[in-house]
Structures are given as C-alpha cells and as structure tokens.
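Accompanying notes for the structure given below.
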Amino acid sequence: SAKQKGRNTWEWYNGEGQRDVTEFVLLRHDLHAAIQSEQFELHYQPIVDAVSGTVRSVEALVRWPHPKRGQLSPGIFIPLAEQTGQIIDLGRWVLRQACQDAADLLENDGWVLPVAVNISSLQFRREGFLQEVCDILAETGLPAELLELEVTESVLMQGAKQAISLIASLRKLGVRVALDDFGTGFSSLSYLRDLPINKVKLDRSFIRDMVFDRNCAAIVQGIITMAHHMGLVVVAEGVEEIEQQQDLVRRHCDYLQGFHFSRPVPLHELKRLPDRLPYGAEEVHERLLTGV
Ligand code: C2E
Ligand code: MG
Ligand code: MG
Ligand code: MG
C-alpha cells in the first residue's frame with residue numbers, strides 16, 4: 001500500500017513504473033511554472049457551528065486549474081510538491097493569499113471570518129516558518145487571531161519537542177493551531193497532553209463509518225469527550241448527510257464541515273453564502289429539542 005511504500009516514491013500515486021517517472025518529471029516542471037506564475041486558486045469551505053449552522057470559520061483549500069489537464073486534485077499535486085520541496089514556495093503563496101483574502105473580508109465587508117490554512121510538515125518544520133507567519137500577518141494586516149494553522153500528527157515525527165515549542169510560539173502570537181485528520185496517524189494519544197493546540201479535526205473516515213459502525217461511533221464519542229476535557233474544540237470533517245449531523249450534534253461535537261453544508265467555493269461565491277447554513281441545522285435542533 002501507499003503507506004508501506006512511503007510517500008517518497010512516485011509509485012505512490014498510481015503504482016506503476018517507467019511511464020510515471022516521465023509523468024513525474026512533466027508534472028514537476030508544470031508545478032514549477034505554475035508556482036512562478038501563480039496559477040493556483042484558493043477555494044474556501046465553511047465550518048459551521050454544529051447546532052445553529054452559523055458559519056464560524058473557513059478552510060482554505062488550494063486548487064490548480066492546469067492549462068491542459070483541467071483541475072488537478074491537491075491529493076495529487078500536494079504530495080508531489082512535498083516530495084520535490086516545491087511545497088515551500090507553494091505553501092507560502094497559499095498562506096499569504098488566504099491571509100490577504102481574510103484581511104480583505106474584514107476590511108471591505110466587515111466580516112470577521114477566521115481562516116484555516118493547511119501547513120505541510122516540511123513547511124512547518126523548516127527554520128524560519130515562525131518568521132514567515134509573522135511577516136505575512138504584518139504584510140496583509142490580518143489579526144493573528146483570525147489565522148488558524150492545520151497540521152497533522154506527522155509534524156511530531158521528527159522531533160516532538162521542536163513542534164511543541166513552535167506551536168507554543170504561534171499561540172503566543174495569537175495564531176491558533178488545529179490537529180487535522182485526527183485519529184488516522186500512528187502516534188499515541190499521550191502526546192496530546194503536551195501539545196498546545198486549540199482544536200482537533202476528526203478525520204472524514206470516522207464520520208463516514210460512524211453511522212453504521214458502533215466501534216467507530218464509540219471512538220468518535222471518546223475523542224470528543226477527551227478533547228473537551230482537555231479544553232479543545234472538535235470539528236468533524238466530511239459531513240455529507242443530515243443523519244451524520246444529527247449524530248454529531250447529539251455527541252456534542254462543536255463544529256461541522258462537509259458537503260452537506262457547502263463544498264469548497266471560490267471567494268466570490270463564499271461572499272454570497274448566507275451566514276447560516278444549511279439546510280437542515282435548525283431542523284436538527286428542533287428535532288433534538290422535541291425529541292422526535
Ligand atoms: P484536508 O485538509 O483534510 O481537507 C479536507 C478535504 O476534504 C478537502 O479535499 C475537502 O474538499 C474534502 N471534503 C470536505 N468536505 C467533504 C465531504 O463532505 N465529503 C468528501 N468526500 N470530501 C470532503 P481537497 O480540497 O481535495 O484537499 C485534500 C487534501 O489536500 C487536504 O485534506 C489537505 O491535506 C491537502 N491540501 C489542500 N490544500 C492544501 C494546501 O493549501 N496546503 C497543503 N499543505 N495541503 C493542502
Ligand atoms: Mg485541513
Ligand atoms: Mg482534514
Ligand atoms: Mg482529511
């Protein structure tokens with residue numbers, strides 16, 4: 001499987017040989033050009049309050065409208081960019097653009113909307129990252145409190161100590177840090193004790209299975225309860241159905257994100273979304289109150 005092979009082989013993408021090496025070289029070349037000419041776009045996906053459906057923040061997700069291949073999924077080009085080191089430049093562009101957009105929303109639309117940005121481990125562990133964040137906040141004028149960084153457990157792999165102290169420094173600036181794809185990594189739960197994060201994001205795979213898998217539901221409930229006892233808030237990602245929302249509200253999950261509410265959308269569409277979504281949240285609340 002991909003995990004066994006590690007992420008540093010091109011085979012990871014489609015499990016084939018020579019042809020993929022050529023593919024790799026081509027795509028790497030395209031990626032370089034795309035970074036130089038800023039061909040990327042950011043889409044934003046709302047994260048809503050589980051009970052009221054009020055939009056509380058957004059996650060920035062990078063998109064690459066490739067001139068010949070159409071939209072390429074970040075699931076393909078992010079691992080490639082990580083492998084080649086191009087993620088450093090791409091990641092900086094994403095961070096700056098997301099901060100700029102959030103700062104513009106604040107200034108022009110009076111919209112106080114925290115933005116979450118995915119940070120690759122390579123980018124996070126690189127010397128100078130903290131300074132980069134400071135510089136971008138200063139340049140764009142975005143209050144640090146409106147920036148959240150999403151990292152995965154893999155930031156702990158090479159030196160948990162450094163990761164912990166970097167997160168602490170970010171927190172001192174006012175920047176929040178969320179642990180993404182929580183529950184899928186290999187780390188033990190004990191590291192959570194020392195990690196000064198604000199939030200955990202339950203991986204989509206749990207949300208997909210919890211409705212029919214009792215063990216999975218038990219894990220979700222356990223994580224929510226544990227996180228709350230640690231003073232962390234919990235986001236569920238990949239909420240596609242009203243049943244999942246209902247289940248998660250019942251389990252006191254704080255925030256929800258998923259196609260049930262909204263797909264990731266370009267900024268101009270985000271501006272047109274109502275500040276309460278969906279489409280069902282109120283109804284869920286009603287049903288809970290009346291016990292139907
Ligand atoms: P992620 O950070 O866990 O982001 C959530 C992914 O789940 C997004 O996929 C989003 O479109 C998708 N998603 C949201 N709601 C639903 C749902 O209800 N159902 C389903 N099936 N999917 C849903 P996307 O945009 O394709 O991104 C995939 C991954 O690529 C992200 O996972 C993240 O790890 C990475 N990525 C995306 N943008 C960036 C970026 O700017 N920098 C870095 N380093 N990584 C990024
Ligand atoms: Mg994320
Ligand atoms: Mg995630
Ligand atoms: Mg995920």
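The table for this structure:
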{"item": "Sorted by Cβ density within 10 Å, fewest first, the residues Ile35, Ile87, Ile224", "result": "Ile35, Ile224, Ile87"}
{"item": "Computed helical MRE - 222 nm, the chain, DSSP H runs ≥ 4 contributing -39500 (n - 2.57), nearest 500", "result": "-14500 deg cm²/dmol"}
{"item": "Per-q log10 I(q)/I(0), segment 165-263, q = 0.14, 0.24 Å⁻¹ (Debye; single scatterer per alpha-carbon; no solvent)", "result": "-0.52, -1.30"}
{"item": "At least 24 Å along the helix axis (C-alpha) and Kyte average at least -1.0, DSSP helices within the chain", "result": "18-36, 87-109"}
{"item": "Bridge type composition, the chain - antiparallel percent by DSSP, nearest 5", "result": "45 percent"}
{"item": "The chain - percent relative contact order, Cα under 8 Å, separation 6 or more", "result": "19 percent"}
{"item": "Gyration tensor (alpha-carbon) shape descriptor, segment 64-148, a/c threshold 1.5", "result": "oblate"}
{"item": "Cα gyration tensor, segment 144-206 - rounded (a/c under 1.5), prolate or oblate", "result": "oblate"}
{"item": "Amide H partners (placed H, <5 Å) of Asn118, local residues excluded", "result": "Ala60, Glu150"}
{"item": "Taking N as its residue count, the alpha carbon Rg of the chain over 2.2 N^0.38 Å", "result": "1.02"}
{"item": "Taking Trp111, Trp64 and counting other C-beta atoms within 10 Å, the order from fewest to most", "result": "Trp111, Trp64"}
{"item": "Cα shape, segment 227-272, gyration tensor, a/c 1.5 rule", "result": "oblate"}
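Values in this text are rule-based calculations from the coordinates and carry no lab data. Small disclaimer: the values here were computed from a predicted structure and weren't measured. FYI the Cβ positions are ideal-geometry reconstructions off the backbone, even for glycines, and counts take in every protein chain you see.
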